[in-house]
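Take a look at the structure set out below.
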Amino acid sequence: MPDTTPAELDTALQRAAEAAEAFGAQSPATRARQIRAVADALDAAAGELVPLAMAESNLSEGRLTGELKRTTFQLRLFAGVLDDGGHLQATVDSADPDFPLGAKPDLRRVLVPVGPVLVFAASNFPFAFSVAGGDTASALAAGCPVVLKAHPGHPRLSARTGEILTAALAESGAPDGVFHVVLGLEAGAVALRDPRVKAAAFTGSVPAGRALFDIANSRPAPIPFFGELGSLNPVFAAPGAIRARGPEIAEGYVTSYSGNAGQLCTKPGLLFLPADHGLDELLAAESKAVAAHKMLNERLHEGYCDRRAAVTEVPGVRVLAEGGVDDGAAPTLLSTDVATLLANREALLEEVFGPLSIVVTYASEDEARRAAEAFEGNLTATLHAEDSDAEFAATLVSRLRDRAGRLLFNGWPTGVAVSPAMHHGGPYPATTDARFTSVGTTAIDRFLRPVTYQNVPQNLLPEALRDENPWGIPQTRHEPR
């Protein structure tokens with residue numbers, strides 16, 4: 001697929017800018033209907049889209065079929081958010097001449113769309129974090145036109161998905177110019193600098209994400225850049241948990257770190273075990289039993305091989321299971337101790353994108369706590385513990401909470417539920433703003449901003465704030481006592 005030309009990019013950005021006011025002014029119910037139309041169209045095109053994704057990603061039909069289902073589910077989930085209307089946080093604070101601090105004016109606050117959003121698609125989820133993925137779904141639900149920078153790993157799938165999405169929006173009455181797909185590295189960088197773009201979202205590597213973040217913040221008028229960059233997702237197993245169900249933990253860990261060839265942002269990169277865990281043979285055997293799997297593309301495969309070599313060569317790191325890399329990538333499992341980890345933070349506390357993980361032994365609970373304090377930000381942190389580990393668990397939870405956006409107990413971080421309570425974010429470098437999520441219904445908050453109207457006549461107020469409430473959405477009202 002040819003890269004988008006400068007003239008084509010300018011047209012896309014201009015059409016998005018021109019569509020912003022009309023799209024943002026639509027009622028939530030109208031946008032809900034349009035988003036459901038997109039979901040229906042993608043479901044209807046599954047027989048065409050899944051084979052395209054298979055050809056460009058090395059992912060299986062079953063995995064991609066499930067991912068497309070997740071993609072249309074989350075579109076409909078955001079349509080449900082619009083049906084409710086509470087996301088606008090409409091607040092009516094009526095005038096009060098007897099307010100304790102002096103006469104208070106009529107104040108009405110609501111969230112409004114930020115304007116055109118630039119979305120950078122990810123490689124490892126060709127549907128769910130790509131053209132019609134969560135960033136696009138939440139931006140459209142917020143009332144923001146989207147310019148989607150396709151990932152070079154699946155250009156034909158991106159273009160076709162974009163065509164289906166654009167046609168569904170048009171047929172359901174969305175303003176012209178609400179959605180565009182652009183291709184090419186330069187197109188993404190140029191669009192990010194363009195003043196018509198008011199926010200951006202990204203899922204990818206730390207170097208690429210940081211470079212784009214710096215562009216967004218160096219503009220004459222900086223814009224929000226919501227980047228998901230990198231995560232180690234540490235797992236800590238307390239002594240009582242190992243005594244009670246060590247083999248179960250070992251098997252679950254291998255399944256989690258090796259699944260999808262380790263190409264998930266929530267893959268557990270390190271497992272902390274007490275020094276006397278006795279699970280090395282089982283961990284090695286489980287890892288060796290997992291077949292090699294082709295990675296998404298050759299660039300990622302080469303990057304994995306380079307990082308694997310660098311980590312394996314660190315003094316004090318030993319190999320439990322070394323998978324081949326000639327025909328895809330098979331799991332590689334390494335082992336070390338906390339002292340070695342802390343002495344080699346730069347090499348060992350950096351994400352390896354692929355089926356590699358490290359077992360780290362701790363000699364005492366204090367050593368485990370020091371290891372937990374060594375981490376930067378993560379999407380997840382997991383603790384396996386029993387009732388007998390209560391004191392140890394309590395001190396670990398407080399440390400892990402400060403370094404992760406999602407805490408798991410007796411589970412595994414791979415698998416991110418698309419639900420209202422999900423938070424898929426975390427302190428840097430997991431994301432560029434730990435307050436926001438890219439999964440779940442509150443992802444819409446990234447693309448809305450508050451505006452307060454003071455003493456504005458009813459006929460000039462937005463529908464969401466009028467006393468008659470024509471949209472029928474929730475309004476929080478504060479009346480004088």
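Worth a mention:
- The listed residue being among the acidic types (Asp, Glu), under 20 Å from Asp176 (Cβ atoms) and assigned to a helix (DSSP H, G or I), out of Glu21, Glu56: Glu21
- In region 407-429, residue least open to solvent (accessible area, probe 1.4 Å) [restricted to those that are within 14 Å of Ala385 (Cβ to Cβ) and in a loop (DSSP other than H, G, I, E, B)]: Gly411
- Flag for Leu283 being surrounded by 20 or more Cβ atoms within 10 Å (Cβ to Cβ), under 23 Å from Phe392 (Cβ atoms), in contact (Cβ under 8 Å) with a residue 60 or more places away in the chain and not β-branched (Val, Ile, Thr): yes
- Some residue of region 238-261 being within 21 Å of Pro429 (Cβ to Cβ) and of a type in the set (A, V, I, L, M, F, W, C): no
- Evaluated against (1) open to solvent by less than 50 Å² (accessible area, probe 1.4 Å); (2) more than 15 Å from Asn233 (Cβ to Cβ); (3) touching a helix residue (DSSP H, G or I) at 6+ places or on another chain (Cβ under 6 Å); (4) in contact (Cβ under 8 Å) with a residue 40 or more places away in the chain, Ala321 falls short on exactly one condition, (4).
- Filter result (open to solvent by 20 Å² or more (accessible area, probe 1.4 Å) and touching a His at 6+ places or on another chain (Cβ under 9 Å)) within region 324-357: Val325
Matching residues to (1) touching a Leu at 6+ places or on another chain (Cβ under 7 Å); (2) open to solvent by 70 Å² or more (accessible area, probe 1.4 Å); (3) not aliphatic (A, V, I, L, M):
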position	(1), (2), (3)
Phe23	no, no, yes
Gln34	yes, no, yes
Ala44	no, yes, no
Pro51	no, no, yes
Pro100	no, yes, yes
Ala103	no, yes, no
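- Every residue from region 433-444 that is in contact with a strand residue (DSSP E or B) (Cβ under 8 Å, 6 or more places away or on another chain) and either open to solvent by less than 30 Å² (accessible area, probe 1.4 Å) or under 20 Å from Thr91 (Cα atoms) (or both): Thr437, Ser438
- Residue under evaluation Arg403, criteria (1) surrounded by fewer than 14 Cβ atoms within 10 Å (Cβ to Cβ); (2) within 30 Å of Phe127 (Cα to Cα), criterion not met: (1)
The values are calculated or read from the model by the stated rules, or taken from the named source; none is laboratory data. No experiment lies behind these values; they were computed from the predicted model shown. Methodologically, a virtual Cβ is constructed for each residue, glycine included, from the backbone with ideal geometry; neighbour enumeration extends over all protein chains shown. Quick note on the areas: whole protein, heavy atoms, side chains included, nothing else; ligands and nucleic acids left out. Shrake-Rupley method; radii C 1.70, N 1.55, O 1.52, S 1.80 Å.
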